[in-house]
Amino acid sequence: MENPHSNYVTVEIYDQTYHLFGHDAEHIRALAAEVDAKMRAVAAQGRTVDSLRVAVLAALNLADELSLMQKSNDGAKLGHVRAAALRGLLDEVLVEEQIPAERKTGS
């Protein structure tokens, strides 16, 4: 029987560790690195030190990039694929929130 936790990947984004679920560990790591880089770029602009605000501003920047890609003829298909990947990553983060509680209870 396959270990249900074998598809978990540990990444660090903006000095926080996340345990994410996914089938393509390298892709998840690449996405996490992109999010981390975007958050650090936003923080470097010095507008805010609150990590939640940094995350929201980074998300808006990524959404803007995605929107621009979707509007271009060459990037339309890639934009939809990227949106699906980002939705998948969000789902994985939400699942990750449940894992620490399961580990504490020994489930």
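Per-structure values
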| read-out | value |
| --- | --- |
| A83 versus Q70: modelled label distance in nm, points set 7 Å from Cα along the beta carbon direction | 0.3 |
| L20 long-range amide H proximity, modeled H, under 5 Å | V9, T10, V11 |
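Coordinate-derived values only; no laboratory data. Keep in mind the model is a prediction, meaning the values are calculated, not measured. No Cβ is skipped: glycine too gets one built from the backbone with ideal geometry, and neighbour counts run over all protein chains shown.
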